[in-house]
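Have a look at the structure below, then the notes.
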Amino acid sequence: MSEALIALIAGALTYSIPLALASLGEVVNQRAGQVNVGLEGMMLGGAFFGMTATLGTGSPVLGLLVGVAVGVLLGLLQAVFTIKLSRDQVVIGVALNLFVLGLTNTLFRSRFGESGQLLSVPTLPKWHGFDVMLPIALLVAAGLSVAIHHSAWGLAVRSAGEMPRALQSVGHSVPKLRLQAACIGAALAGLAGAYLAVGLTGTFNEGMPAGKGFMALAMVSFGRWRTPWVYLACVFIATAEASRFTLQATGVTWIPSQALVAFPYVLALVVLVVVGRGNDAPQHLGRPYEST
């Protein structure tokens, strides 16, 4: 196996981690009947506050934990409007994105200036050249697959997205299950964002997720709401991202760099258009639940 191919595989697996974490959390959320358009904002919040925690303590592990906590807090804020008040999930998600973007930009510029030049934070260690978050992402995928498809809790969560009134009639609380699913999705989005800062890049810039939150929504549809397929979809898209660096390292210059940067996003858009929503989506996806 050539060095270029090994580098491509390693890069694809590494670059898939933040996208996979956000997408896997969104699988749980959408299985419960909710669409989190605020994933981008949760990732951005996790990245910024994870970075600042790491910068202040020197511990990237603490930075990841702070990212998780920030994600959950933003998820709870969103849940107040979407679950308790039954407001439109898309509108609230967009509002959350704008709120976090404004907040992090203001805090970043007040502390680090307009550009944050030379900002560098400690990063997670490598293990024999492999990213230590890779096995964690794989465990998350396996654990969520078991929880969703092979547990009583998972059956209840899926019912919250398919037949919420029937679920409520047998004694389950649909709002409670949706809140649990929302917190899981938000926690993984915050973790994904923090990993971008303290695992993948070792720095922070404004708008750091660069559309990965929206791309995660496409990956859930692409993977037909099943965690193994969603994970593979993320690796597929990350391969396109990793190919940019592999081609540059091998001296390929005839492809414009702008085209290489845009390719993963174009590919995700094409996938979303071709695959579409389909019949596998939860029947009550995106619909607020109001008990009678």
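The values are calculated or read from the model by the stated rules, or taken from the named source; none is laboratory data. This one's a predicted model, so the numbers in the text were calculated from it and none came from an experiment. Cβ placement follows ideal geometry from the backbone for every residue including glycine, while neighbour counts extend to all protein chains displayed. These area figures cover heavy atoms from the full protein model, side chains too; ligands, DNA and RNA do not enter into them. Shrake-Rupley method; radii C 1.70, N 1.55, O 1.52, S 1.80 Å.
Each row is one residue, and each column tells you yes or no for (1) in contact with a Ser or Thr (Cβ under 9 Å, 6 or more places away or on another chain); (2) without any contact (Cβ under 8 Å) to a residue 12 or more places away in the chain.
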residue: His128; (1), (2): no, yes
residue: Ile136; (1), (2): no, yes
residue: Val174; (1), (2): yes, no
residue: Arg178; (1), (2): yes, no
residue: Ala186; (1), (2): no, no
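Just one of the listed residues (Leu200, Leu191, Leu232) is open to solvent by 20 Å² or more (accessible area, probe 1.4 Å) and free of Cβ contacts under 8 Å to residues at least 12 places away in the same chain, namely Leu232.
In the set (1) over 30 Å from Val157 (Cβ atoms); (2) modelled with pLDDT of 85 or more; (3) buried (at least 21 other Cβ atoms within 10 Å of the Cβ), the condition left unmet by Ala242 is number (2). In segment 268-291, the residues that are on the phi > 0 side of the Ramachandran plot form Cβ pairs under 7 Å with partners that are assigned to a loop (DSSP other than H, G, I, E, B) and at pLDDT 80 or above, at six or more places apart or across chains, as follows: Gly278/Arg224; Gly286/Val35.
Of the helices (runs of 4 or more DSSP H) that lie entirely inside segment 117-194, those containing 1 or more residues that are under 19 Å from Val230 (Cα atoms) and either aliphatic (A, V, I, L, M) or over 22 Å from the mean Cα position of the chain (by Cα) (or both) span 133-149, 152-162. Of the residues Val90, Val70, the single one that is under 26 Å from Val230 (Cα atoms) and open to solvent by less than 60 Å² (accessible area, probe 1.4 Å) is Val70. Assess whether Thr203 counts as being farther than 16 Å from Tyr15 by Cα, modelled with pLDDT under 95 and assigned to a loop (DSSP other than H, G, I, E, B). Considered against the rule, which asks whether it is farther than 16 Å from Tyr15 by Cα, modelled with pLDDT under 95 and assigned to a loop (DSSP other than H, G, I, E, B), Thr203 comes out as no.
The rows are residues; the columns are (1) over 25 Å from Gln89 (Cα atoms); (2) open to solvent by less than 10 Å² (accessible area, probe 1.4 Å); (3) in contact with a Leu (Cβ under 9 Å, 6 or more places away or on another chain).
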| position | (1), (2), (3) |
| --- | --- |
| Pro125 | yes, no, no |
| Phe130 | yes, no, yes |
| Leu138 | yes, no, no |
| Met163 | no, no, no |
| Val170 | yes, no, no |
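Can you confirm whether segment 36-58 contains a residue that is part of a loop (DSSP other than H, G, I, E, B) and at pLDDT below 95? Scanning segment 36-58 turns up at least one residue that is part of a loop (DSSP other than H, G, I, E, B) and at pLDDT below 95.
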